[in-house]
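A short worksheet on the structure shown next.
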Amino acid sequence: MVKPKIITCAGYYGTGSSAITDLLGEFSNVHFVGDYEFRFVQDPGGIADLEYNIVQNYHRHNSGHALKRFKKNIEFLCGNRFNRTYENTFQGQFKKLTMEYIDSLTAFKFKGYWHQDVIDRGFLFWFIERALDKILNRVIVPIIRGRNNIEPISIHLLRNEITYVPFSDKELFYQKTKDYTDKLFEVANVENKDFLMFDQLVPPSNTDKYLRYFNNLTIFAIDRDPRDLYLLEKLIWKGSVVPVADVKDFCNWWKVTRAHLKEEKDDNQHVMRLKFEDLIYHYDETVDQICKLLNLDRSLHVSPKTKLIPERSIANTQMWKRYPDEEENIKHIETQLSEYCYKRFT
(Lines give C-alpha, C1' and ligand atoms only; values in the text may rest on other atoms or scores of the structure.)
Protein backbone atom coordinates (compact mmCIF):
# COMPACT_ATOMS: atom_id res chain seq x y z
CA MET A 1 0.00 0.00 0.00
CA VAL A 2 1.41 3.37 -1.08
CA LYS A 3 1.61 6.04 1.61
CA PRO A 4 0.13 8.94 -0.37
CA LYS A 5 1.08 12.57 -0.37
CA ILE A 6 -1.89 14.74 0.56
CA ILE A 7 -3.02 17.76 -1.43
CA THR A 8 -5.75 20.21 -0.55
CA CYS A 9 -7.06 23.42 -2.02
CA ALA A 10 -8.25 26.32 0.10
CA GLY A 11 -10.19 29.40 -0.88
CA TYR A 12 -12.14 32.36 0.43
CA TYR A 13 -15.52 31.37 -1.06
CA GLY A 14 -16.04 31.50 -4.78
CA THR A 15 -12.39 32.18 -5.50
CA GLY A 16 -11.90 29.21 -7.82
CA SER A 17 -10.13 26.67 -5.62
CA SER A 18 -11.97 23.89 -7.45
CA ALA A 19 -9.78 24.70 -10.45
CA ILE A 20 -6.92 22.94 -8.61
CA THR A 21 -8.99 19.82 -7.96
CA ASP A 22 -10.06 19.82 -11.60
CA LEU A 23 -6.50 20.24 -12.85
CA LEU A 24 -4.93 17.60 -10.61
CA GLY A 25 -7.80 15.24 -11.32
CA GLU A 26 -6.42 15.03 -14.85
CA PHE A 27 -3.25 13.30 -13.59
CA SER A 28 -3.21 9.50 -13.55
CA ASN A 29 -1.53 9.19 -10.13
CA VAL A 30 -3.85 11.58 -8.26
CA HIS A 31 -7.06 10.39 -6.61
CA PHE A 32 -9.67 13.07 -5.89
CA VAL A 33 -11.43 12.07 -2.67
CA GLY A 34 -15.11 13.02 -2.72
CA ASP A 35 -16.83 15.90 -4.43
CA TYR A 36 -17.43 17.85 -1.21
CA GLU A 37 -15.54 19.78 1.44
CA PHE A 38 -13.77 17.97 4.29
CA ARG A 39 -13.88 20.54 7.07
CA PHE A 40 -13.48 18.45 10.23
CA VAL A 41 -10.04 19.95 10.82
CA GLN A 42 -10.84 23.66 10.51
CA ASP A 43 -14.51 24.06 11.47
CA PRO A 44 -15.59 25.11 15.00
CA GLY A 45 -15.23 22.09 17.22
CA GLY A 46 -12.64 20.56 14.90
CA ILE A 47 -9.00 19.60 15.35
CA ALA A 48 -7.86 23.24 15.36
CA ASP A 49 -10.11 23.91 18.35
CA LEU A 50 -8.71 20.83 20.06
CA GLU A 51 -5.21 22.22 19.66
CA TYR A 52 -6.20 25.54 21.20
CA ASN A 53 -7.94 23.98 24.18
CA ILE A 54 -5.45 21.20 24.85
CA VAL A 55 -2.09 22.61 23.76
CA GLN A 56 -2.35 26.39 23.81
CA ASN A 57 -4.76 27.03 26.68
CA TYR A 58 -5.30 23.98 28.88
CA HIS A 59 -8.24 24.52 31.22
CA ARG A 60 -9.87 22.32 33.86
CA HIS A 61 -13.25 22.53 32.09
CA ASN A 62 -12.70 23.76 28.54
CA SER A 63 -10.09 21.21 27.52
CA GLY A 64 -12.19 18.17 28.28
CA HIS A 65 -15.28 19.81 26.84
CA ALA A 66 -13.39 20.41 23.58
CA LEU A 67 -12.91 16.64 23.25
CA LYS A 68 -16.63 16.06 23.85
CA ARG A 69 -17.55 18.71 21.30
CA PHE A 70 -15.22 17.18 18.75
CA LYS A 71 -16.77 13.77 19.40
CA LYS A 72 -20.26 15.21 18.92
CA ASN A 73 -19.26 16.82 15.60
CA ILE A 74 -17.75 13.57 14.39
CA GLU A 75 -20.93 11.67 15.21
CA PHE A 76 -22.85 14.18 13.10
CA LEU A 77 -20.40 13.89 10.21
CA CYS A 78 -20.67 10.12 10.29
CA GLY A 79 -24.31 10.63 9.40
CA ASN A 80 -26.87 7.90 9.18
CA ARG A 81 -28.15 5.45 6.60
CA PHE A 82 -29.42 8.38 4.51
CA ASN A 83 -26.18 10.35 4.53
CA ARG A 84 -22.90 8.53 5.16
CA THR A 85 -20.53 10.85 3.32
CA TYR A 86 -17.51 10.60 5.63
CA GLU A 87 -18.04 6.96 6.46
CA ASN A 88 -18.18 6.08 2.76
CA THR A 89 -15.04 8.07 1.98
CA PHE A 90 -13.08 6.39 4.76
CA GLN A 91 -14.41 2.90 4.07
CA GLY A 92 -16.66 2.76 7.12
CA GLN A 93 -13.77 3.49 9.50
CA PHE A 94 -14.13 7.24 10.06
CA LYS A 95 -15.94 6.99 13.39
CA LYS A 96 -13.84 4.07 14.60
CA LEU A 97 -10.53 5.80 13.87
CA THR A 98 -11.75 9.08 15.33
CA MET A 99 -12.88 7.45 18.58
CA GLU A 100 -9.46 5.82 18.84
CA TYR A 101 -7.89 9.26 18.32
CA ILE A 102 -10.03 10.78 21.07
CA ASP A 103 -9.09 7.94 23.40
CA SER A 104 -5.40 8.48 22.65
CA LEU A 105 -5.71 12.11 23.83
CA THR A 106 -7.69 11.22 26.96
CA ALA A 107 -5.84 10.64 30.23
CA PHE A 108 -8.97 9.46 32.05
CA LYS A 109 -12.73 10.06 32.42
CA PHE A 110 -15.07 10.36 35.38
CA LYS A 111 -18.74 10.98 36.10
CA GLY A 112 -19.25 14.71 36.41
CA TYR A 113 -20.52 17.79 34.62
CA TRP A 114 -20.51 21.58 34.65
CA HIS A 115 -22.80 24.31 33.36
CA GLN A 116 -21.63 24.01 29.74
CA ASP A 117 -22.98 20.47 29.65
CA VAL A 118 -26.37 21.88 30.62
CA ILE A 119 -26.13 24.69 28.07
CA ASP A 120 -25.28 22.20 25.33
CA ARG A 121 -28.61 20.50 25.84
CA GLY A 122 -30.50 23.69 25.12
CA PHE A 123 -32.85 26.09 26.85
CA LEU A 124 -35.65 23.55 27.31
CA PHE A 125 -33.40 21.18 29.26
CA TRP A 126 -32.14 24.05 31.44
CA PHE A 127 -35.70 25.27 32.04
CA ILE A 128 -36.92 21.79 33.06
CA GLU A 129 -33.99 21.33 35.44
CA ARG A 130 -34.58 24.73 37.06
CA ALA A 131 -38.33 24.16 37.27
CA LEU A 132 -37.93 20.75 38.90
CA ASP A 133 -35.46 22.21 41.39
CA LYS A 134 -37.89 24.96 42.43
CA ILE A 135 -40.88 22.64 42.68
CA LEU A 136 -38.90 20.15 44.74
CA ASN A 137 -37.34 22.63 47.16
CA ARG A 138 -40.19 25.13 47.51
CA VAL A 139 -43.15 22.77 47.54
CA ILE A 140 -42.34 19.10 48.11
CA VAL A 141 -39.43 19.32 50.56
CA PRO A 142 -41.23 21.72 52.95
CA ILE A 143 -44.25 19.40 53.01
CA ILE A 144 -42.20 16.30 53.72
CA ARG A 145 -39.67 17.74 56.18
CA GLY A 146 -41.58 20.61 57.63
CA ARG A 147 -40.83 24.25 57.04
CA ASN A 148 -38.47 24.52 59.99
CA ASN A 149 -36.17 21.74 58.84
CA ILE A 150 -35.50 22.41 55.20
CA GLU A 151 -32.31 21.04 53.69
CA PRO A 152 -32.30 21.78 49.94
CA ILE A 153 -32.09 18.86 47.56
CA SER A 154 -30.14 19.33 44.35
CA ILE A 155 -31.48 18.15 41.02
CA HIS A 156 -28.85 16.24 39.06
CA LEU A 157 -30.36 15.27 35.71
CA LEU A 158 -26.83 14.80 34.36
CA ARG A 159 -25.56 12.54 37.15
CA ASN A 160 -24.33 10.05 34.54
CA GLU A 161 -22.59 12.65 32.38
CA ILE A 162 -18.97 11.79 31.57
CA THR A 163 -16.19 14.35 31.90
CA TYR A 164 -13.05 13.93 29.78
CA VAL A 165 -9.60 14.82 31.08
CA PRO A 166 -7.09 15.15 28.22
CA PHE A 167 -3.35 14.76 28.51
CA SER A 168 -1.55 18.08 28.85
CA ASP A 169 1.24 17.13 26.48
CA LYS A 170 2.02 19.21 23.41
CA GLU A 171 4.18 16.66 21.62
CA LEU A 172 1.73 13.84 22.29
CA PHE A 173 -1.10 15.91 20.77
CA TYR A 174 0.74 16.54 17.51
CA GLN A 175 1.99 12.97 17.20
CA LYS A 176 -1.41 11.42 17.87
CA THR A 177 -3.03 13.86 15.45
CA LYS A 178 -0.58 12.95 12.69
CA ASP A 179 -1.10 9.27 13.41
CA TYR A 180 -4.85 9.81 13.12
CA THR A 181 -4.75 11.68 9.81
CA ASP A 182 -2.28 9.14 8.41
CA LYS A 183 -4.70 6.31 9.20
CA LEU A 184 -7.60 8.17 7.62
CA PHE A 185 -5.65 8.81 4.43
CA GLU A 186 -4.46 5.23 4.26
CA VAL A 187 -8.00 3.83 4.23
CA ALA A 188 -9.18 6.55 1.82
CA ASN A 189 -6.51 5.61 -0.73
CA VAL A 190 -8.65 2.89 -2.29
CA GLU A 191 -6.95 3.27 -5.68
CA ASN A 192 -3.45 3.09 -4.18
CA LYS A 193 -2.40 6.35 -5.82
CA ASP A 194 0.65 8.49 -5.07
CA PHE A 195 -1.47 11.55 -4.27
CA LEU A 196 -4.81 12.10 -2.53
CA MET A 197 -6.67 15.33 -3.23
CA PHE A 198 -9.10 16.71 -0.61
CA ASP A 199 -11.24 19.82 -0.97
CA GLN A 200 -10.97 22.50 1.75
CA LEU A 201 -9.20 20.31 4.29
CA VAL A 202 -7.68 23.46 5.79
CA PRO A 203 -8.31 27.21 5.40
CA PRO A 204 -6.06 29.63 3.47
CA SER A 205 -4.99 31.25 6.74
CA ASN A 206 -2.58 30.11 9.49
CA THR A 207 -1.06 27.53 7.18
CA ASP A 208 1.90 26.93 9.50
CA LYS A 209 -0.56 25.93 12.23
CA TYR A 210 -2.48 23.47 10.07
CA LEU A 211 0.60 21.81 8.64
CA ARG A 212 1.36 20.54 12.16
CA TYR A 213 -1.55 18.10 11.92
CA PHE A 214 -0.20 16.20 8.91
CA ASN A 215 2.95 14.36 7.92
CA ASN A 216 2.89 15.28 4.24
CA LEU A 217 0.42 17.96 3.21
CA THR A 218 0.61 20.49 0.37
CA ILE A 219 -1.79 23.44 0.39
CA PHE A 220 -2.87 25.44 -2.64
CA ALA A 221 -4.54 28.67 -1.53
CA ILE A 222 -6.52 30.25 -4.37
CA ASP A 223 -7.81 33.80 -4.70
CA ARG A 224 -9.27 35.75 -7.60
CA ASP A 225 -9.96 39.28 -8.80
CA PRO A 226 -12.40 40.95 -6.36
CA ARG A 227 -14.23 42.62 -9.23
CA ASP A 228 -15.26 39.26 -10.61
CA LEU A 229 -16.24 37.82 -7.25
CA TYR A 230 -18.39 40.87 -6.55
CA LEU A 231 -20.27 40.51 -9.83
CA LEU A 232 -20.59 36.74 -9.63
CA GLU A 233 -22.08 36.85 -6.14
CA LYS A 234 -24.33 39.81 -6.85
CA LEU A 235 -25.63 38.97 -10.32
CA ILE A 236 -25.09 35.25 -10.93
CA TRP A 237 -24.94 33.23 -7.70
CA LYS A 238 -27.06 35.62 -5.61
CA GLY A 239 -25.87 33.92 -2.45
CA SER A 240 -25.75 35.02 1.18
CA VAL A 241 -22.08 34.50 2.04
CA VAL A 242 -20.56 37.70 0.71
CA PRO A 243 -22.08 41.16 1.40
CA VAL A 244 -22.72 42.68 -2.03
CA ALA A 245 -25.79 44.84 -1.41
CA ASP A 246 -23.40 47.68 -0.61
CA VAL A 247 -20.05 47.77 -2.42
CA LYS A 248 -18.47 49.44 0.62
CA ASP A 249 -19.40 46.46 2.77
CA PHE A 250 -17.97 44.15 0.12
CA CYS A 251 -14.62 45.96 0.15
CA ASN A 252 -14.47 45.92 3.94
CA TRP A 253 -15.33 42.20 3.98
CA TRP A 254 -12.57 41.53 1.46
CA LYS A 255 -10.00 43.44 3.48
CA VAL A 256 -10.70 41.71 6.78
CA THR A 257 -10.77 38.22 5.24
CA ARG A 258 -7.36 38.81 3.64
CA ALA A 259 -5.78 40.77 6.50
CA HIS A 260 -3.92 37.64 7.65
CA LEU A 261 -1.80 37.75 4.49
CA LYS A 262 0.21 40.63 5.93
CA GLU A 263 1.53 38.35 8.69
CA GLU A 264 1.20 34.92 7.10
CA LYS A 265 4.33 32.78 7.26
CA ASP A 266 3.96 30.11 4.61
CA ASP A 267 6.24 27.13 4.30
CA ASN A 268 7.18 27.45 0.63
CA GLN A 269 7.84 23.72 0.43
CA HIS A 270 4.24 22.97 1.35
CA VAL A 271 2.17 26.04 0.47
CA MET A 272 1.53 27.79 -2.83
CA ARG A 273 -0.69 30.83 -3.25
CA LEU A 274 -2.18 31.23 -6.69
CA LYS A 275 -4.58 33.48 -8.53
CA PHE A 276 -7.42 31.74 -10.30
CA GLU A 277 -6.62 33.86 -13.34
CA ASP A 278 -3.07 32.42 -13.54
CA LEU A 279 -4.58 29.04 -14.37
CA ILE A 280 -6.46 30.68 -17.23
CA TYR A 281 -4.11 33.25 -18.73
CA HIS A 282 -0.78 31.58 -17.88
CA TYR A 283 -1.82 27.95 -17.91
CA ASP A 284 1.40 26.15 -18.88
CA GLU A 285 3.61 28.26 -16.65
CA THR A 286 1.30 27.72 -13.65
CA VAL A 287 0.92 23.98 -14.22
CA ASP A 288 4.72 23.69 -14.33
CA GLN A 289 4.97 25.51 -10.99
CA ILE A 290 2.40 23.19 -9.42
CA CYS A 291 4.14 20.08 -10.72
CA LYS A 292 7.49 21.32 -9.46
CA LEU A 293 6.17 21.92 -5.94
CA LEU A 294 4.56 18.47 -5.81
CA ASN A 295 7.39 16.70 -7.61
CA LEU A 296 4.65 15.54 -9.94
CA ASP A 297 5.68 14.15 -13.32
CA ARG A 298 3.87 16.18 -15.97
CA SER A 299 3.97 13.22 -18.34
CA LEU A 300 1.29 11.74 -16.06
CA HIS A 301 -1.03 14.59 -17.07
CA VAL A 302 -2.96 12.09 -19.17
CA SER A 303 -6.20 14.06 -19.65
CA PRO A 304 -5.20 17.71 -20.01
CA LYS A 305 -7.95 20.30 -20.29
CA THR A 306 -10.76 17.81 -19.80
CA LYS A 307 -11.77 19.02 -16.34
CA LEU A 308 -10.07 22.38 -16.10
CA ILE A 309 -10.69 24.00 -19.45
CA PRO A 310 -9.13 27.49 -19.55
CA GLU A 311 -10.94 28.37 -22.75
CA ARG A 312 -14.24 27.83 -20.97
CA SER A 313 -13.30 29.22 -17.55
CA ILE A 314 -12.15 32.48 -19.13
CA ALA A 315 -15.83 33.44 -19.33
CA ASN A 316 -15.74 33.99 -15.55
CA THR A 317 -12.97 36.57 -15.77
CA GLN A 318 -13.06 40.30 -16.57
CA MET A 319 -16.80 40.19 -16.10
CA TRP A 320 -16.99 43.92 -15.47
CA LYS A 321 -16.61 44.47 -19.20
CA ARG A 322 -20.03 42.85 -19.69
CA TYR A 323 -21.84 44.85 -17.02
CA PRO A 324 -21.48 48.57 -17.76
CA ASP A 325 -24.23 49.38 -15.24
CA GLU A 326 -21.80 48.32 -12.50
CA GLU A 327 -19.08 50.74 -13.61
CA GLU A 328 -19.30 52.94 -10.53
CA ASN A 329 -19.10 49.99 -8.14
CA ILE A 330 -16.20 48.50 -10.07
CA LYS A 331 -14.28 51.77 -9.85
CA HIS A 332 -14.82 51.80 -6.10
CA ILE A 333 -13.41 48.26 -5.85
CA GLU A 334 -10.44 49.21 -8.01
CA THR A 335 -9.71 52.12 -5.68
CA GLN A 336 -10.16 50.26 -2.42
CA LEU A 337 -8.74 46.88 -3.45
CA SER A 338 -6.22 47.77 -6.10
CA GLU A 339 -3.55 45.43 -4.67
CA TYR A 340 -5.90 42.46 -5.14
CA CYS A 341 -7.06 43.26 -8.68
CA TYR A 342 -5.44 40.92 -11.20
CA LYS A 343 -3.15 42.62 -13.73
CA ARG A 344 -1.58 39.82 -15.84
CA PHE A 345 -4.36 39.30 -18.36
CA THR A 346 -1.84 38.96 -21.18
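The values are calculated or read from the model by the stated rules, or taken from the named source; none is laboratory data. This is a predicted model, so every value here is computed, not measured. Keep in mind that these areas ignore ligands, DNA and RNA; they rest on the heavy atoms of the full protein, side chains included. Shrake-Rupley method; radii C 1.70, N 1.55, O 1.52, S 1.80 Å.
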Just read off the accessible area of residue 69 with the full protein assembly in place, 1.4 Å probe, to the nearest 10 Å². 110
Counting only protein heavy atoms and a 1.4 Å probe, tell me what percentage of segment 175-264's accessible area is made up of carbon and sulfur. 45
The distance between the Cα centres of segment 221-236 and segment 1-30, in whole Å, is 21
Cα centroid separation - segment 254-279 against segment 327-346, whole Å: 18
Leaving out ligands, DNA and RNA, and with a 1.4 Å probe, what % of the accessible surface on segment 1-133 is carbon or sulfur? 54
Could you order 51, 37 so the one with the most accessible surface comes first? Probe is 1.4 Å. 37, 51
Run lengths n ≥ 4 of DSSP H only: what is the helix-derived mean residue ellipticity at 222 nm for the chain, with -39500 (n - 2.57) per run over all residues, to the nearest 500? -11500 deg cm²/dmol
Average accessible area per residue (Å²) across segment 142-282 - probe 1.4 Å, nucleic acids and ligands excluded: 50
Rounded to the nearest 10 Å², what accessible area does residue 307 have for a 1.4 Å probe in the complete protein model? 100
Residues with amide H under 5 Å of residue 273's amide H, sequence separation 5 or more or different chain, H placed in the peptide plane at 1.01 Å from N; which? 221
Among [x] 31, 24, 19; [y] 36, 21, 20; [z] 47, 28, 17, only one was calculated for this model; which label is it, if the read-out is semi-axes √(5λ) of the Cα gyration tensor in Å? [z]
Would you mind checking 71/209; 292/321; 5/275; 209/262; 95/275; 170/265 for any pair whose Cα atoms are more than 25 angstrom apart? 292/321; 95/275
For segment 194-218 and segment 40-68, what is the centre-to-centre distance using only Cα atoms, to the nearest Å? 19
I'd like the accessible area for residue 311, computed on protein heavy atoms only with a 1.4 Å probe and all protein chains in place. Round to 10 Å², please. 120
How about residue 305: which aspartates and glutamates have a C-alpha closer than 18 Å to its C-alpha, ignoring those fewer than 8 places off in the same chain? 22, 26, 277, 278, 284, 285, 288, 297
